[in-house]
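Structure, as structure tokens:
Derivation of every value follows stated rules applied to the coordinates shown; laboratory data play no part. It should be emphasised that the depicted structure is a prediction, and the values quoted were computed from it without experimental measurement. Glycine also receives a Cβ, built like all others from the backbone with ideal geometry; neighbour counts cover every protein chain displayed.
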Amino acid sequence: MRSLMLRRRRALASILSICLTGLITASSQAQSAASRPPRLAEPVPPVSPISAGVAVLIVDPPSGANAMDSDALLQRRINTHAATIASEQHLRKVIAQAEGETRKTQWFKESDNPLERAEWLRDHLHVSVLSGTSLIQVSLPDLRDPAERKAIVQAICQAYLESQRSQRNNELLDRTMTLNNVRIKAEASLKILRADMREKTVRLNIDGGAVGGVGNRLGVKDMELSRIVQEHVDAQLQLGKAQGAYKVLAESIQQGQFPPQVDETMNRIDPFLLQERSQIQQVEIERDLLAEQNGADSAKLKAVTQRAEKMRAIYEKRFEETRTKARIAILEQAQQEAKAAEAKQHALAMRVDNLKQDLGELSNSLVQYEQLKREEQGLVEQLRLIKQQLGDIMAMQSSSSAVEIRWHLYPEITPVR
């Protein structure tokens, strides 16, 4: 009996030593894990295998944006496509195709109500986005017949791809029509403008303006007037831009909008605002961790929560004040630039007028000719850009990348398991 008790005590001692060893090992592992720096990014979880009976579409990433914006935009576009494919509106369009493969199936003939069939598809069609990929999986597991399941799933996907392609082509055609109309008007205006320039060139050459290298030699005042006229035209353009920018900025601020440069101005006014926001985020993260570890009734959690709320209130007040100052500063800067441009244009206009008194009507003709020359350059540049855009549209129409979503895997006939 005594030996039995000894064996039990030894067994209990062995179990306790094993448990203590495990606890010490786990604690040391946790401490070493906590001491290690956090990884920047966790690996993407593995994706489940794709069955042969499902259809898979792929969404191409957008172009012309940075990496983070492209990924966020791509995820929104993928979710939008998935939601639209599963929508009852799209399924009704598929059912409504008189010559579609869906209407040839026994599943469709089981009901005399197409709307009921669309509702059935809405409730049984599975459309899911494969995590970590650009793939959309479409399946119909509740349909027993594998051939009909393949036909219906493929018809749903094909109808959506055709609708996207048709929509994209219509957008490109509308844009082409608009650009062609603008091109025709610009070419007509350029033709009239060049005829007027030829007429004025002849008159200026006769009067001694020497436009185009023909006529008398230019005097000192003639060259000075030409230079001042060029500066005056540039000043008029700058004045128009400055006044237009000020007007747009003032209207946007009156409507409660914020100009694009408001963040940069806010950082210049209050450079510590970003640091304060980062501190608030750290306190809020600490609050969330306390809530997970200690529960909602923890006294420390309540104290951290109060501190976070006070910091947030102070930050929001300071943020609004800084943003108001930034809007005022931006508006004042735009107003000052408009006034400076107006003063410069006025000074150049007075100099041109003084020279006009010496040169008479020749100066007026030179001003008009320079303005026409600038208009000609603007129309030529506009036509160049229009032709470039038309060429890009033609390339997009002939390219498969015109539509961002396309087939990736076609469904196959597989028996129900």
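In percent, how large is the relative contact order of segment 47-148, given Cα pairs closer than 8 Å and 6 or more residues apart? Could the numbers behind the result be given before it?
Values: 107 pairs, mean separation 36.7, N = 102.
RCO, segment 47-148: 36 percent.
For L372, what is the net charge nearby, where nearby means another residue's Cβ is under 14 Å from its Cβ and Lys, Arg count +1, Asp, Glu -1?
Working: positive: K191, R194, R198, K200, R203, K373, R374; negative: D196, E199, E370, E375, E376.
Charge balance in the 14 Å sphere: +2.
How many Å³ per residue does the convex hull of the Cα positions in segment 61-155 occupy? Could the numbers behind the result be given before it?
Working: hull volume 10.1 nm³, N = 95.
Hull volume over Cα atoms, normalised by residue count, gives 106 Å³.
With contacts defined as alpha carbon pairs under 8 Å and 6 or more residues apart, what's the relative contact order of segment 217-397 in percent? Mind dumping the intermediate values first?
Working: 95 pairs, mean separation 71.2, N = 181.
Relative contact order here is 39 percent.
Which residues' amide hydrogens lie under 5 Å from the amide hydrogen of G53, considering only partners 5 or more residues apart or on another chain, with H built in the peptide plane?
Amide H to amide H, under 5 Å and 5 or more residues apart or across chains, G53 pairs with E412.
Looking at the calculated P(r) for segment 217-397, what percent of the C-alpha pair distances fall above 26 Å? Kindly include the intermediate steps, with their values, before the conclusion.
Values: 10220 of 16290 pairs.
Pairs farther apart than 26 Å: 63 percent.
Quick one: grab the alpha carbon gyration tensor of segment 241-310, order the square roots of its eigenvalues as a ≥ b ≥ c, and give me rounded if a/c is under 1.5, else prolate or oblate depending on whether a/b is larger than b/c.
prolate
List the pairs from K241/K317; K191/K344; K241/K325; K200/K247 whose alpha-carbon separation is above 30 Å, in the order I gave them. Please list the in-between numbers first.
Numbers: K241/K317 35 Å; K191/K344 33 Å; K241/K325 24 Å; K200/K247 35 Å.
Long pairs (Cα-Cα over 30 Å): K241/K317; K191/K344; K200/K247.
Once Rh for segment 272-377 is found with the Kirkwood sum over Cα pairs, what is the Stokes-Einstein diffusion coefficient at 4 °C and 1.567 mPa s, in µm²/s?
Details: Rh = 19.6 Å.
Translational diffusion coefficient: 66 µm²/s.
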